[in-house]
1. So S183 passes all but one of these: (1) within 19 Å of R230 (Cβ to Cβ); (2) loosely packed, with under 15 Cβ neighbours inside 10 Å; (3) of a type in the set (S, T, Y). Which condition number does it fail?
2. Answer yes if at least one residue in segment 105-112 is in a helix (DSSP H, G or I) and either surrounded by 23 or more Cβ atoms within 10 Å (Cβ to Cβ) or more than 14 Å from ligand 2 (Cβ to nearest atom) (or both), and no otherwise.
3. Taking segment 211-245 as the search range and keeping residues that are over 25 Å from V138 (Cβ atoms), within 16 Å of ligand 2 (Cβ to nearest atom) and of a type outside the set (S, T, Y), which one is surrounded by the most Cβ atoms within 10 Å (Cβ to Cβ)?
4. Take Y179 and decide whether it is modelled with pLDDT under 95 and within 16 Å of ligand 1 (Cβ to nearest atom).
5. Could you please let me know if D175 is closer than 30 Å to R62 by Cβ and surrounded by 22 or more Cβ atoms within 10 Å (Cβ to Cβ)?
6. Somewhere in segment 136-148, is a residue β-branched (V, I, T), more than 16 Å from ligand 2 (Cβ to nearest atom), in contact with a Cys (Cβ under 8 Å, 6 or more places away or on another chain) and not assigned by TED's automatic domain parsing to the domain that holds R62?
7. Can you tell me which residues in segment 8-34 are closer than 19 Å to R61 by Cβ, touching a residue at least 24 places away in the same chain (Cβ under 8 Å), assigned to a helix (DSSP H, G or I) and not hydroxyl-bearing (S, T, Y)?
8. Find the residue count for segment 46-99, including only residues that are part of a helix (DSSP H, G or I) and among the hydroxyl-bearing types (S, T, Y).
Amino acid sequence: MPRGTTGGTPQVLLAHHLKQLKLPTVLREYDKVARECARDGVDHPRYLLRLIELELIDRERRTVERRIKAARFPAVKSFDTFDFTAIPTLNKMLVLELARCEFILRRENVIALGNSGTGKTHAALALGLAACQKGFTVAFTTAAALVHQLMEARDERRLLKLQRDLQAVKLLIVDELGYVPLSPTGAELLFEVFSQRYERGSTIVTSNLPFEDWTSVLHSERLTGALLDRLTHHVHILTMNGDSYRLKQSSGSCRSSASDKRAEQKQATADAVDPNTGEISAT
Ligand code: ADP
Ligand code: MG
């Protein structure tokens, strides 16, 4: 057992060294764990092992927190709070498979399409959170904000740097493509982002518009075609059409009713017996 848990000098030096080695959990816990180990008759190697394991667990937690902060999510949401029965058009098996984040390793994309309030942003945030937890770097933005950022960077002659940063993240989430029409320059800059990420990193796009209407946002048919070509080459489509969850919730019909339970059971049965439900849908 470490001696000298009282008395000044070794503790002061130890604190200094542990700080320098960036082992804050060891510093915080070593005395307490030492007392526990003395009480339980645990030997030196096991004492050290316990401490180091605590440091590793904490370090992983801190890294995930840093990734979440860097991702700039407008809110932290997960699938734990996502009610799949509220959106029957959504392939739950596919979503849960995507939440394992293997699509990011394969550099595939995800496009969530559907009307307003159907949980597209929630699902994108939850996938983003899962990615942070699995060790991927993530950036969340809206199409309008991204275009604004790109135009500003171009004006300030730092476009290349921003483009490089956007290329480097493992998962880029571009929310709300379609609410705001983009200027021709904006559309081209957005195209460049998708083009530069093509087969290099994963991108999630959410849109209230079906593909055939994307020209109305990007203006040029040629550009829309080229953009869709890249984005949909390796893609998983999440179809999210239905009633707005916001409206349903405010009218109170979202509470678990008998029919919701039946739908849930039906979904569970379908998931269990249909071998196609887990399959990746792609265009
Ligand atoms: P969209 O992006 O499709 O317009 P949001 O994801 O912003 O919709 O959803 C609107 C609100 O309703 C959010 O607060 C979201 O968390 C919630 N919500 C939507 N769908 C669901 C769902 N299936 N389960 C739980 N919450 C949901
Ligand atoms: Mg949204």
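The values are calculated or read from the model by the stated rules, or taken from the named source; none is laboratory data. Source: prediction; values computed, not measured. Positions of Cβ are generated from backbone atoms using ideal geometry, with glycine treated the same way; all protein chains shown enter the neighbour counts. Side chains included, ligands, DNA and RNA excluded: accessible areas come from the protein's heavy atoms. Shrake-Rupley method; radii C 1.70, N 1.55, O 1.52, S 1.80 Å.
1. Answer for S183: the failing condition is (1).
2. Scanning segment 105-112 turns up at least one residue that is in a helix (DSSP H, G or I) and either surrounded by 23 or more Cβ atoms within 10 Å (Cβ to Cβ) or more than 14 Å from ligand 2 (Cβ to nearest atom) (or both).
3. Filtering first and then ranking leaves G242.
4. yes
5. yes
6. Filtering segment 136-148 down to residues β-branched (V, I, T) leaves 137-138, 141-142, 147.
From what is left, the residues that are more than 16 Å from ligand 2 (Cβ to nearest atom) are 137-138, 147.
After this cut, where a residue has to be in contact with a Cys (Cβ under 8 Å, 6 or more places away or on another chain) as well, the list is 138.
Subsequent filtering for residues that are not assigned by TED's automatic domain parsing to the domain that holds R62 retains 138.
Yes.
7. P24, V26, E29 - these are the residues of segment 8-34 that are closer than 19 Å to R61 by Cβ, touching a residue at least 24 places away in the same chain (Cβ under 8 Å), assigned to a helix (DSSP H, G or I) and not hydroxyl-bearing (S, T, Y).
8. 4
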